[in-house]
Amino acid sequence: MCGFERGLILKLDTFDEERFDKILGIKGAASGVYRGLDYLLQAGYGKRLDGDNTRLAFSIVPTNLNIDDIEDVFVFAMQHDIFPSIGELEQAGVAVCEKRFGELDIGEKIKNLKLKMDKLWGGSYCRPMCPVILTGLHIDHLGNCTVDSETGLNCKWFMLKEAKMKEIATIRECSIDEIFEKVKKNKTDLFEKNFESINEYEKVEHLFGGCGGSPKNIIKLAKI
């Protein structure tokens with residue numbers, strides 16, 4: 001099972017309902033996720049469509065709240081043809097705003113977790129790179145196309161930090177083709193302007209990566 005396409009991603013960090021409620025921040029939310037999983041499995045999600053592809057993945061973020069449960073979630077996913085997509089905790093959002101990063105971060109324990117996942121996977125486990133970072137458009141709820149202000153990529157949350165975004169265009173005034181051209185030119189200009197700092201990003205490599213994958217691989221492809 002090495003591919004994932006045309007499917008759904010379900011956040012599932014643990015099968016311990018109390019702990020999952022705490023992670024989600026709403027009492028009773030976990031039971032809704034579990035019911036959703038049951039419905040998806042009954043509908044045929046999790047079964048491979050063709051070759052090695054699956055239509056369902058678990059978004060799993062290891063924290064001090066669920067570190068002991070990751071193996072159970074991973075094994076369940078493997079047994080049901082679900083891709084276990086493990087991503088590291090970002091220094092962004094609620095974790096930073098509510099000063100919870102230190103409480104949630106598993107620190108050096110992530111090394112042992114990676115070794116354990118490699119063993120369960122039967123090789124070197126890695127989170128796939130998100131192609132949208134390079135080839136897609138990030139349109140917000142107001143119809144604005146935004147990009148990372150330093151690299152020009154469609155997002156930079158893969159650096160595991162809060163991205164600083166800037167508006168490039170709006171769908172109210174530009175066609176999709178025009179927006180693509182603006183994004184492409186902006187990225188080219190920024191890669192020339194910020195060449196040295198972007199080269200440094202290519203040296204950054206996490207054990208699991210962020211929501212987009214490994215920064216090293218993403219920057220390397222973006223420079224082509």
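Please treat every number below as a calculation from the coordinates, not as lab data. None of these values were measured; they are calculated from a predicted model. Because the Cβ atoms are built from the backbone with ideal geometry, glycine has one as well, and the counts that use them run over all protein chains shown.
For Cα pairs less than 8 Å apart in space and 6+ apart in sequence, what is the mean separation divided by the residue count of the range 1-129, i.e. the relative contact order in percent? Please report the intermediate quantities before stating the final value.
Details: 168 pairs, mean separation 33.8, N = 129.
Computed over the range 1-129, the figure is 26 percent.
Using 0.36 nm per residue, how much length does the chain from His141 to Lys182 gain when fully extended, once their Cα-Cα distance is taken away? Intermediate values should be presented prior to the final figure.
Working: separation 41, 0.36 × 41 = 14.76 nm, distance 1.94 nm.
Value of the extension gain: 12.8 nm.
Compute the distance in nm between two label points, each set 7 Å from the Cα along the Cα-to-Cβ direction, one at Lys164 and one at Val132.
It works out to 2.4 nm between the two label points.
Find how much the distance from Val75 to Lys193 grows on full extension, using 0.36 nm per residue of separation minus their present alpha carbon separation; answer in nm with one decimal.
Details: separation 118, 0.36 × 118 = 42.48 nm, distance 4.56 nm.
37.9 nm is the gain from fully extending Val75 to Lys193.
Report D for the range 132-222 in µm² per second (integer): Stokes-Einstein, Kirkwood Rh on Cα pairs, 4 °C, 1.567 mPa s.
Working: Rh = 13.4 Å.
Once the numbers are plugged in, D ends up at 97 µm²/s.
Based on the alpha carbons, how large is the Rg to Rh ratio for the chain when Rh follows Kirkwood? Can you show the working numbers first?
On the way: Rg = 18.7 Å, Rh = 19.0 Å.
In the chain, Rg relative to Rh is 0.98.
What do you get for chymotrypsin sites (Phe, Trp or Tyr not before Pro) in the range 8-85 restricted to DSSP loop and a cutoff of at most 13 other Cβ within 10 Å of the site's Cβ? Before the final figure, lay out the partial values.
On the way: sites: Phe15, Phe20, Tyr34, Tyr39, Tyr45, Phe58, Phe74, Phe76; in loops: Phe15, Tyr45.
Sparse-neighbourhood loop chymotrypsin sites (Phe, Trp or Tyr not before Pro): none present.
Just want the ordering: Trp157, Trp121, from fewest to most Cβ atoms lying within 10 Å of their own Cβ. Write down the numbers at each step before the final one.
Values: Trp157 19, Trp121 15.
Neighbour counts put them in this order, fewest first: Trp121, Trp157.
Set the Förster distance to 22 Å, then compute FRET efficiency between Arg172 and Ser149 from the Cβ-Cβ distance, nearest 0.05. Each step should come with its number before you reach the end.
Details: r = 22 Å, r/R0 = 0.98.
Once the sixth-power term is evaluated, E becomes 0.55.
Rank these for me by crowding, Ile139, Ile133, going from fewest to most other beta carbons within 10 Å.
Numbers: Ile139 16, Ile133 23.
Placing the least packed residue first, the sequence is Ile139, Ile133.
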